[in-house]
Amino acid sequence: MLDAFGTQEDAARALTDDLRTEVTELRAQLREAETHLEHLAITRKTITARGERLPAHPVSPDLPEHPDYPRILGVLNDVTGPLRARDVCEGLDQKLLPKTVEGIRAKLKRLVKLGVLAEVGVGNFTRKQ
């Protein structure tokens, strides 16, 4: 009878040890999930705060990875008619150096090729309607 009792006691100890290990693993998973949830809340707060400063037109998902492209679209969102590359440079508060104007012109031409902008006449750019 004591042997049977000892066997049950060993089985209960093994089960207890297994459950403690599981609880430890679950606590670690819970900490990770809580940290992830906190990061998501911070991200939501940041996006919401920045949402007020985003351009009126949504940015195209095909937009090239460069910080100037959303800024260029922001300048074009603020006007009703077409702009020249020089006007966009002024809207971006960039120096009106030939290399700067040509760089912006190249970006405007790329946005035309991507279908985001339209070129009205030669060198006049506007948002596609």
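The values are calculated or read from the model by the stated rules, or taken from the named source; none is laboratory data. None of the values given here were measured: they were computed from a predicted structure. In this analysis, Cβ positions are derived from the backbone assuming ideal geometry, glycine residues included, and neighbour counts consider all displayed protein chains. Remember, those area values only see protein heavy atoms, side chains included, never the ligands or the DNA or RNA. Shrake-Rupley method; radii C 1.70, N 1.55, O 1.52, S 1.80 Å.
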Within the stretch 103-129, the residues that are open to solvent by 100 Å² or more (accessible area, probe 1.4 Å) and assigned to a helix (DSSP H, G or I) are R110, K113
Looking across the stretch 62-72 at residues that are in a helix (DSSP H, G or I) and within 15 Å of K113 (Cβ to Cβ), the single one that is modelled with the highest pLDDT is I72
Residue check: is L83 at pLDDT below 95, surrounded by 11 or more Cβ atoms within 10 Å (Cβ to Cβ), of a type outside the set (S, T, Y) and out of contact with any helix residue (DSSP H, G or I) (no Cβ under 8 Å at 6 or more places or on another chain)? no
Reported set for the stretch 94-105 where residues are out of contact with any Lys or Arg (no Cβ under 6 Å at 6 or more places or on another chain) and more than 11 Å from I72 (Cα to Cα) is Q94, K95, L96, L97, P98, K99, T100, E102, G103
By residue number, the members of the stretch 1-22 that are of a type in the set (A, V, I, L, M), surrounded by fewer than 10 Cβ atoms within 10 Å (Cβ to Cβ) and in a helix (DSSP H, G or I) are L2, A4
When the stretch 88-102 is checked residue by residue, the ones that are part of a helix (DSSP H, G or I) and either in contact (Cβ under 8 Å) with a residue 12 or more places away in the chain or touching a His at 6+ places or on another chain (Cβ under 8 Å) (or both) are V88, C89, G91, V101, E102
Reported set for the stretch 103-117 where residues are of a type in the set (A, V, I, L, M) and in contact (Cβ under 8 Å) with a residue 24 or more places away in the chain is I104, L108, L111, L114, V116, L117
